[in-house]
Structures are given as structure tokens and as C-alpha cells.
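Notes follow the structure.
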Amino acid sequence: MALPSQSEEQIQDREFLRDVLEGLGRRQKALPCKYLYDETGSRLFERICELDDYYLTRAEADIFSKYLTDMARRIGPAALIVEPGAGNCKKVQQLLRQLDSPTGYYPIDISPEILMAAQGRMAAQLPGLTIRAVVGDFSDPEAWTGLMDFPACKKVVFFPGSTIGNFSPQHAEDLLAFFKSMLQPGDGLLIGTDLVKDAVVLERAYADSEHVTAAFNKNILVRINNELNADFDLALFAHRAFYHPLRQRVEMHLVSLKTHSVHIAGTRVYFEEGETIHTENSHKYSVAGFNCLLGKTGFTPVCHWSDIQRRYAVHYAQVN
Ligand code: AVI
């Protein structure tokens, strides 16, 4: 039996609908990249991280393996590691093992299921470590209030994965300034950034030969179809990723292959042939450029570690 079609009033996630209609109503159509990450999107992103073409994850892991002792020495004893957007808390484990008597671990994540499962695993793997998991939005000061229970110890914000690259330069500055406002002088920031490099290497990472990134990008349309009662035909859109050297970012788009229209919860949206939906930016930094951003937001760059090919960097900075 066919289900009755949902009108705008019947759609559950009104914020999602509002963002989609607003974004697709712009001259340059765009969708917020946070909507790439539903369950399927998160699984596809995990597959991206394992691809040969997507060097970022491996480069960062190599840097951590090689320089872990030095990182732990810079951080020093009895630190509390705070991880905004911790997810499955996998990356932090080797760091926590290496640190000299860490005071604890304070992961913040919006997803209670993922965070609680990770907390259980970590408690088993790192017995004796104090873990204070917080379910919430890491850009909300409320999520950080628990830090007041650890007044005397040094705090270090751990923000790996080049996540900062998905923020616009202004939002990246705002986010780092916000982290700084939650910390005290002498506290630290350990953060991963993808470095500016040859466009061919960058474009291969975001338009991989196995087409996993294409599936990840198109999944946003699947999600709109399923959750907002839309009728996007996936065959009428192609994945495109290119490096914009002036903006120092890889842009991800979905290109309409012909002139047509789509219905979204009763609203008709028109696409010209060749018109695109901009779905994500991934900003790349030079070490000097990132140090400048750190300086602007109240951090003093202390040092950075890079892989042999200088594809990626992990920076350590301290609050002034
Ligand atoms: C999550 N983030 C750091 C990834 C990146 O490289 O910007 C997201 C991604 N998009 C396509 N491939 C990976």
C-alpha cells in the first residue's frame, strides 16, 4: 500500500527541512555539511578513512605513532585531556597510554549511543583512568562546565582528524577562540590539520578511484529523499571535488546532469544542467598560516610534527 505523501507540516525534522529549503533557495545552492553524517554517511566516512587515496588518516596516524613520546613530554604529567566531538574515542587511546599519570579524559559528543559505548570500552582498556563523558554540543559552554571539577590540573584540548578544516576561516577562528575561553593560561591544544599541497593529490583524496566519496556525497540526497519526502533522482547528479587554490580548500559539489525539478515536502526546486549543490569545504593550511590563526585566537604555537612527505601536521599550542 502506498503511504500518503508527507506535507511540510508532517515532516519530523523541521530544522533539517528549513536548512535544506534555505540552502537550495540560494543562488549558489548549498547544503550544510553536517547533514552528510547520518548512520550511512558515518559508515561511508569510515570507509573513506581506509582508502589509499585519502591519505589524511594514515598520515596523522603515522605522526602520532612516531612522535607520541615527544607529544606526551610536551603535554607533561597529570593532564586532563578534553576531546570535543570525540565519537568512538579511538584516536585518543594511544596518547592516554603514553601520558605521565593523566588526571582524566573528558570526551564531548552529541551522540549518546556512540559516546557511552566508547566510554565502556575505554574503561575496560584503560582501567584506573577517570573518564567524564559529556553528551552535548561541544560549541555550547554548558558541555564544558564539568571542567570546573578539575580546577588545579592542566587541560589539553585534543582535536584531531583535520576537523577544523571543515569550518570556514571565520568559524575556525571563532571555534579556537571559544576553546581558548574554556581554558586557563598554560593549558594546551593538540590539533591536526591537512597541509596545502599539490592539487592532484588533494583532488584524488576527495574524488577517490573507488567512488566511496561520491557515494558519501550523494548520500545527502538519499537522506533528503527518505527524511523529507523528496524525489531526487540520484542518476541525475554527479559528484565533483576540486581544489580552489586561492581559498585553499577542496570543495565538494553535486552537479545536476540535466535541467529538471525536484519536489521536497511539497516544494518544487529547479536545477539547470550543470548547476551545482555545494556540500562541503575542506580547508588546507600551511604551518605558518595555522600558526597565525593560533596567534589570533590567544594560543602560542609551541611546535608541530609532520610526516616525511609534509602532507599533514599535528600542532601543539598553549594558552598565552
Ligand atoms: C571529516 N573531515 C575532516 C573530512 C575532510 O577531509 O574534510 C570529511 C571528508 N569529506 C570528504 N572526504 C572526507
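The values are calculated or read from the model by the stated rules, or taken from the named source; none is laboratory data. Please read all numbers here as calculations on a predicted model, not as lab measurements. Glycine gets a Cβ as well: all are built from the backbone with ideal geometry, and neighbour counts include every protein chain shown. Keep in mind that these areas ignore ligands, DNA and RNA; they rest on the heavy atoms of the full protein, side chains included. Shrake-Rupley method; radii C 1.70, N 1.55, O 1.52, S 1.80 Å.
The table that follows gives values for the structure above.
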item: For the stretch 77-85, Karplus couplings with θ = phi - 60° (6.51, -1.76, 1.60), whole Hz, Gly/Pro x; result: x, 6, 7, 9, 8, 10, 10, x, x
item: Apportionment of accessible area to carbon and sulfur, the chain, percent (1.4 Å); result: 52
item: Within the chain, helix-based [θ] at 222 nm, where runs of 4 or more DSSP H residues each add -39,500 (n - 2.57), nearest 500; result: -10500 deg cm²/dmol
item: Descending principal axes extents, the stretch 1-160, alpha-carbon based, whole Å; result: 60, 40, 37
item: Accessible area (Å², 1.4 Å probe, nearest 10) - residue 204; result: 120
item: Counting DSSP beta bridges with both ends in the stretch 121-253, the antiparallel % (nearest 5); result: 55
item: Rg followed by Dmax, in Å, when the stretch 152-202 is reduced to its Cα trace; result: 13.4, 48
item: Antiparallel content of DSSP bridges confined to the chain, in %, to 5; result: 65
item: Under 19 Å from the Cα of residue 296 - lysines, other chains or at least 8 residues apart; result: 180, 284
item: Aspartates and glutamates with Cα under 13 Å of residue 155, excluding same-chain neighbours fewer than 8 positions away; result: 83, 187
item: Stokes-Einstein D for the stretch 72-115, Kirkwood Rh over Cα pairs, 37 °C, 0.692 mPa s (µm²/s); result: 300
item: Space enclosed by the convex hull of the alpha-carbon atoms of the stretch 266-320, per residue, Å³; result: 174
item: Label-point separation, residue 70 to residue 259 (7 Å along Cα→Cβ), nm; result: 5.9
item: Dimensionless Rg/Rh of the chain - Kirkwood Rh, Rg from C-alpha atoms; result: 0.99
item: Kyte-Doolittle mean at least -1.0, axial Cα span of 20 Å or more - DSSP H helices of the chain; result: 56-75, 212-227
item: Area accessible to solvent at residue 121, 1.4 Å probe radius, in Å²; result: 100
item: Across 91/154; 197/218; 29/218; 34/91, pairs whose alpha-carbon gap is larger than 18 Å; result: 91/154; 197/218; 34/91
item: Anchor residue 66: aspartates and glutamates whose Cα lies under 19 Å away (excluding residues fewer than 8 positions away in-chain); result: 100, 194, 307
item: Percentage relative contact order, the chain, counting C-alpha pairs under 8 Å, at least six apart; result: 21
item: Shape box of the stretch 191-284 [Cα atoms, principal axes, largest first, Å]; result: 43, 27, 24
